Structures are given as structure tokens and as C-alpha cells.
């Protein structure tokens, strides 16, 4: 399918440019994001994307904000993927009671309204952005667990796993050296999609002003624009670009995730 | 244990765990639990503090407090908001109907339109128009709902002056409420539509390559007939569960939409509670939302089993 590769190539390019932006922020940003210039400047020569109420340069804020947003997204997704893979592997490999209990827990986690719970926790904890990532990661593992489990159920019946078991290898050895490498390809797309939901959730939490106030993420920038009059006064440059950045980055991750899923399904059909 | 009992027990355990979390959070967090339970901008004299402490049972043992907590919930007592000077349950119930007025139509519209358009998109996935449509909904899928609101509000209300800027009503007539609700519901519908669209599209794409679809084609049925008489039914099944799970997302989305549109529903209630650190309201809202989400799941479970004979409850 030609359009799939075209889309996913676009996703890859977007993704890599955001990654480069986060890594080389200090070199790319024209100014320090905390240095003050004249406030409320519309986009122009001096400040390509204008300035906010404090006179901070928006383009520099955006570039440095990519670090915070990406770290939260990746951190949460990594956490979610680790938990999800562990739960799914154990449930799929051991089956029986272990499976029932672990999948029961997964079902229960699926029912927790996540954003409201994060709001309540964040209100009490006033967390740093690392904590936000950890909390989100510990809620978002359910769909990964389900996918990994169903794959693990298939893999455990395959010849080489049966052979390992017959040879008397320990469960731990079989799980790590036989099962995990053969499940890895279903984990990757899930990882990408977890980044997407974590980014959107981080943006939402920050929009409520619950993020880390010392860290200017994209969501935080929109929150400032909304609460400090940028929206009411029509300073569109203040909130438009961070919003677009969130959307574009999430889009790039989702496109990559879909492309990986598609690839996985294509190989399944070949088998 | 029978199948039915197992399912019910899952819902009950979920409720118990979430409610217990709600009990533990204010008591385990750093700081004085009394402050955590009352909210932070409440200023009290020492004698009232002592009085409240015993009235709220904070001087009793944890187990006793826990039992009292459940006793309160079973009597619909969610605590008292000192910030708003009224019982939490009263505040929430008066706000809830507005949020549901926003969330339910969007959920239904988004569900129906999303599955229908998504099915067509999956069925005719090679057409140019469908690809454009898919790209559009994918972009909406990737946008935080409140940002979509900001854009819609800026373009349609600020610039074009087509819709009111905020609130649920100014005069209170049905037409007036509808006029105020149009834009928020539109955004919410797009939000829920795009989610269902992506799922349904994927589902139909999978069903398309299955044998029964090929057989229907060999039998000489028209393309649209195959889609709506055979494929649609099978592709729809996973959607029902997803709709229920999405209910939580839609509800959370509605909270943010309300904040942007300054509508006095649950979203703004939670937002105000956050700003004034009014913890009882915050926790009460969380409980009510949880109950609604879990019941939606239960409903979907029952519906699913009545539609799909393979998973009928025994």
C-alpha cells in the first residue's frame, strides 16, 4: 500500500525533527526562554512567533518546551510499556489462575477514569513532572498488557518454547530468552501509541494548571495563555503554536504506531 | 464460580478499590488530614478544629473511619464543602445534568456517525476522498479536545460572531440553550466521532478480508449490501465495549470543553475546586464520575452479551 508508507514516512520525518528539536534546544532557540522582552509582541522580525505577557520569546519557549513534553511522554510510555509487558507476559505464559487474577486487575484498571484520578492525585501531591509521568505510566499499561498476553498465549505453544520447556529450562529463562524477543514487535506500536495518549494527558493536566510550574511544557504555555488573558484578548500566536506542536507530535507518533501495527499484521498474513 | 458472578464481582471490586483509594488519598498525603479533607482556604478557630476533628471521626481508628466513610457513601453523603457552604452531593447533582446534556448527545452522535463513516472508510479504503477524510479525522483524533475548542471558539465566536462566547444559556429558553450548546456539542461530537471512526475503520478493514465477505461477493450481492448486512454487524461488536470505555474519555473531554466555554457543569466545578483547593468537591466529583463510568461499562457488557450469542451470560 503506497499511501501507508507515504504517511508513515511523513510521521517519521516529523518525529525525528521534534526529537532533534528537543535534543538541540539550546543551539536552536534564538533566546533564553526566561529572558524578558517587550510583552504581547505579535509575530515579527525580532521574534518570529511573538512574545507573551512576560515578554518571553514564544519560539524559544516552544523549542525548550519540547524537552519537557517529550520527556513526560516518553517517561510515561516507558513505564506503561514495562508494566504492561510484564503483566501480559506473566498472564499469557502461566495461564490459569495467574492469568485470571492479572487480567481481572487489568479489567479493573481499565474502568478507572484516568484523567479525573490524575487530577485528584495531582491536586494533593503537586507533583514534579517526573511524578506526573510516573502516575500516568502506572495507569496506562492496560491495553499493552492485553495485546502482549494474547501474543504470549500464541508464542508459548510454539515449538521452540515447548522444546525449551522439555529441556528443563527455568520459567524465567524461557520468558526472557524465548518469549520476550518474539513479542517485542507487538510491543513497539503500543509503545508509540502510549506516547500519544500520555502527551495528550500531560497537555490536559498542564492546561488545568496542575503541571510543574517551573517547567514550561506546551500544555503549560496554553494554560498561561488561557488564564492570563491571551485568549480573551485575541493574542492567537500565544496559544496556537504550542497547540499545533502537541497535535503534530501526537500525529507523528500515531502514524508511526499505525505503520508498525500494519507491518505486524502484514507479516502475520504471510505466516 | 459462575461466569455471571465473576463479572459482577469484577465491577464490585473495581468500585471498592476506587472508593478506598479515595478514602486513602487525603489521609495518606503529606499535611494535616483535616486540611486535606476540608480544603485549604478554610480558616477555623482552634475550638472548631477540635470539634470538627471529632465530628468527622478523625480521632477514631482508621478502620472505624473507613466504615464511617462507607456508611456515608451508602447514604449519599459525600461530605460538606466549607468553601461553598453546602453538601457536596447537592452541588454535584445540580451540576451533573448540564455535563450530561453536553456529553450524552455527543457520545451518541459521535458513536452513530463515527461507526457509519468509519465503516464506509474501511470498506472503500482505496478511494481518494476516503483517504482525505481519514487524514482529517486522524488529525482531530490527535488534538487535545480543549485546543479544538479554543480554535472553534476563536474562529466561529470571536471572529465570525456566529455563536455565544460562554455559558449554557442567557435567557433560558430551549432555543437559547440549543444555540449555546451547538458549538461545544459539535466539538465533542468530532472528538468522539474521530475515535470511533478510527476503530471502526480498522475493524472493517480486517473483516473485509475474511471468507464470509468473499463468499457474499461470490454469491453476487451488491457491495453496499455486503457491508451493511454482513460486515457491519461483525465489525460493530468491538465498538460497543469501546463506546463504554470511551464514556470516561468523553466525560473527561466534556470537563475541559466546559472550562473553555465557561459552562457551569462538572468541569468548571472541578476547575474551581482545584483553584480554591476545595478537596471535598474534588473527591466527590471523582466518585460520581467513577460510578458513572463503571455503570457504563456494565451496561455495555450486558448489551454486548445480548447482541453476540457467543458471549451470552450464563
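Readers should treat all values here as calculations from the given coordinates under stated rules, not as data from a laboratory. The model shown is predicted, which means the values in this text are computed figures rather than measured ones. Here the Cβ is made from the backbone with ideal geometry for all residues, glycine too, and neighbour counts use every protein chain on show.
A few remarks follow.
- Cβ-Cβ distance of residue A:128 and residue A:53, R₀ of 25 Å, FRET efficiency by 1/(1 + (r/R0)^6): the value works out to about 0.55.
- Cα-based radius of gyration for the stretch A:1-41, normalised by 2.2 N^0.38 Å, reads 1.83.
- 0 to 90° range, to nearest 10: angle between helix A:96-111 axis and chain A longest Cα axis: 20
- Average Cα contact separation per residue, the stretch B:95-238, under 8 Å, 6 or more apart, as relative contact order %: 38
- Degrees between helix A:236-270 axis and first principal axis of chain A (Cα, 0 to 90, nearest 10): 20
- Between helix A:58-94 and chain A: long-axis angle, C-alpha atoms, 0 to 90°, nearest 10: 10
- Shape call, the stretch B:1-116: gyration tensor on alpha carbons, a/c limit 1.5: oblate
- Normalised by the number of residues in chain A, the average gap of Cα pairs under 8 Å and 6 or more apart makes the relative contact order 25 percent.
- With N as its number of residues, the stretch B:169-314 has a Cα radius of gyration that, divided by 2.2 N^0.38 Å, comes to 1.40.
- As a calculated quantity, the FRET efficiency between residue A:173 and residue B:45 at R0 = 60 Å, using C-beta atoms, amounts to about 0.35.
- Fewest-first ordering of B:98, A:218, A:238 by other beta carbons within 10 Å of each residue's beta carbon gives B:98, A:238, A:218.
- Binned Cα-Cα distance frequencies in the stretch A:32-159 - 5 Å width, integer %: 2, 10, 14, 13, 11, 11, 10, 8, 6, 5, 4, 3, 1, 0
- All C-alpha pair distances within the stretch A:85-201, sorted into 5 Å bins from zero, spread as 2, 11, 19, 18, 17, 12, 9, 6, 3, 2, 0 percent across the bins.
- Whole-number Å³ per residue for the convex hull built on Cα positions in the stretch A:1-77: 119
- Gaussian network model of chain A, Cα within-10 Å springs - most flexible of A:136, A:158, A:199: A:158
- Quotient of the Cα radius of gyration of the stretch A:207-271 and 2.2 N^0.38 Å, N being its number of residues: 1.68.
- Largest GNM mean-square fluctuation across B:67, B:38, B:150, computed for chain B with C-alpha springs under 10 Å, falls on B:67.
- Computed over the stretch B:111-239, the percent of Cα pairs more than 21 Å apart is 52.
- Computed on the Cα trace of the protein assembly as shown, the radius of gyration divided by the Kirkwood hydrodynamic radius gives Rg/Rh = 0.97.
- Inter-part distance where the stretch B:199-241 and the stretch A:113-143 are each reduced to a Cα centre, Å: 39
- Here the average projected area of the convex hull drawn through the C-alpha atoms of the stretch B:215-289 stands at 7.1 nm².
- Most mobile listed residue (B:14, B:139, B:218) in chain B, GNM with C-alpha springs under 10 Å: B:218
- Relative contact order %, the stretch B:60-163, counting alpha carbon pairs below 8 Å whose residues are six or more apart: 8
- The stretch A:4-35 versus the stretch A:226-262: alpha-carbon centroid distance in Å: 13
- Here the convex hull built on the C-alpha positions of the stretch B:175-245 has a volume of 108 cubic angstrom per residue.
- A convex hull fitted to the Cα coordinates of the stretch A:51-112 yields 89 cubic angstrom per residue.
- Taking max minus min of the alpha-carbon positions on each principal axis, the stretch B:48-184 gives extents of 70, 39, 24 Å, largest first.
- Binning all Cα-Cα separations of chain B at 20 Å, short to long from zero, yields these whole-percent fractions: 26, 48, 23, 3, 0.
- Pair residue B:233, residue A:266: separation of 7 Å Cα→Cβ label points (nm): 3.4
- Debye-sum result for chain A in log10 I(q)/I(0), which assumes one identical scatterer on each alpha carbon, at q = 0.17 Å⁻¹: -1.26
- Mean projection area, nm², convex hull over Cα of the stretch B:172-216: 4.6
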